[in-house]
């Protein structure tokens with residue numbers, strides 16, 4: 001019996017505690033170490049808000065954040081964290097947060113320690129991410145915001161290979177990976193391959209209701225974890241934070 005319990009403990013990965021009430025009734029367990037999630041939605045749905053809110057919650061615990069940005073300059077993201085009430089410069093100095101800048105090269109300059117010279121060179125990006133991970137202390141949340149610009153400069157099949165390599169590293173770190181992806185701009189085959197590759201898929205959408213726009217979130221699937229799958233409305237607060245809403249209260 002002792003041997004059976006020992007083997008069971010080896011097979012069941014430890015969980016990284018999820019930020020309290022972040023996903024409310026949809027998911028209240030921790031993520032298994034090594035989990036990867038794709039966050040899929042149209043432009044403006046709130047994917048970056050979700051990623052920043054999640055990272056903001058995690059860096060206040062024992063989890064560090066490696067933030068790979070391909071859509072915006074790191075300075076803009078630092079400003080977002082300031083609105084969330086977190087001094088990211090202080091977190092960076094404490095080795096709790098680090099950027100890999102995949103956007104600055106488009107403008108021809110970047111002041112970041114870890115910066116991409118060309119997004120068409122995915123091998124270079126993997127090396128930079130590996131180096132950045134060594135800079136951090138503790139377990140790691142990796143945010144890739146977003147995958148879609150990579151596919152402007154690389155074939156989709158190369159993008160999938162890159163994400164396979166990245167996911168393997170996240171499992172080796174016993175961390176968590178969140179990959180933001182735009183809907184409607186890639187092939188059906190890419191979305192299917194990505195869903196197969198990751199451990200879970202989170203969806204976002206926007207709908208016109210009552211003369212305005214309402215945003216919705218759902219957990220489409222998540223391996224090995226109990227979760228609810230219904231679409232749930234969410235709000236973007238004045239400080240640019242993500243908050244699920246109670247449908248019955250709307």
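The values are calculated or read from the model by the stated rules, or taken from the named source; none is laboratory data. No experiment lies behind these values; they were computed from the predicted model shown. Glycine gets a Cβ as well: all are built from the backbone with ideal geometry, and neighbour counts include every protein chain shown.
Where in segment 96-159 are there helices (runs of 4 or more DSSP H), lying fully within it, with 2 or more residues that are touching a strand residue (DSSP E or B) at 6+ places or on another chain (Cβ under 9 Å) and over 19 Å from residue 72 (Cα atoms)?
Values: elements: 104-107, 122-135, 150-153.
It comes to 122-135.
Consider residue 234 against the criteria (1) outside any strand (DSSP E or B); (2) touching a residue at least 24 places away in the same chain (Cβ under 8 Å); (3) out of contact with any helix residue (DSSP H, G or I) (no Cβ under 8 Å at 6 or more places or on another chain): it satisfies all of them except one. Which criterion is unmet?
Among (1) outside any strand (DSSP E or B); (2) touching a residue at least 24 places away in the same chain (Cβ under 8 Å); (3) out of contact with any helix residue (DSSP H, G or I) (no Cβ under 8 Å at 6 or more places or on another chain), the lone unmet condition for residue 234 is (1).
Within segment 172-189, track down each residue that is out of contact with any strand residue (DSSP E or B) (no Cβ under 8 Å at 6 or more places or on another chain) and assigned to a helix (DSSP H, G or I). Before the answer, list the steps.
Residues of segment 172-189 out of contact with any strand residue (DSSP E or B) (no Cβ under 8 Å at 6 or more places or on another chain): 172, 184-189.
If the condition is that a residue be out of contact with any strand residue (DSSP E or B) (no Cβ under 8 Å at 6 or more places or on another chain) and assigned to a helix (DSSP H, G or I), then 172, 188, 189 are the ones that fit.
Residue-by-condition table, conditions (1) in contact (Cβ under 8 Å) with a residue 60 or more places away in the chain; (2) over 18 Å from residue 14 (Cα atoms):
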{"residue": "142", "(1), (2)": "yes, no"}
{"residue": "151", "(1), (2)": "no, yes"}
{"residue": "171", "(1), (2)": "yes, no"}
{"residue": "183", "(1), (2)": "yes, yes"}
{"residue": "189", "(1), (2)": "no, yes"}
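Taking the options 158, 145, 137, name whichever one is at pLDDT 95 or above and more than 17 Å from residue 197 (Cβ to Cβ). Outline the logic, then answer.
Values: 158 fails: more than 17 Å from residue 197 (Cβ to Cβ); 137 fails: at pLDDT 95 or above.
Exactly one of 158, 145, 137 is at pLDDT 95 or above and more than 17 Å from residue 197 (Cβ to Cβ), namely 145.
Can you pull out the residues in segment 190-207 that are touching a helix residue (DSSP H, G or I) at 6+ places or on another chain (Cβ under 8 Å), more than 16 Å from residue 152 (Cα to Cα) and outside any strand (DSSP E or B)?
Matches in segment 190-207: 193, 194, 197, 198.
With the requirement that a residue be in contact with a strand residue (DSSP E or B) (Cβ under 8 Å, 6 or more places away or on another chain), part of a loop (DSSP other than H, G, I, E, B) and on the phi < 0 side of the Ramachandran plot, what does segment 38-71 give you?
Scanning segment 38-71 gives 42, 43, 45, 59, 62, 70, 71.
Return yes when residue 47 is farther than 24 Å from residue 124 by Cα and modelled with pLDDT under 95 and no when it is not.
Details: farther than 24 Å from residue 124 by Cα: yes; modelled with pLDDT under 95: no.
Answer is no for this residue.
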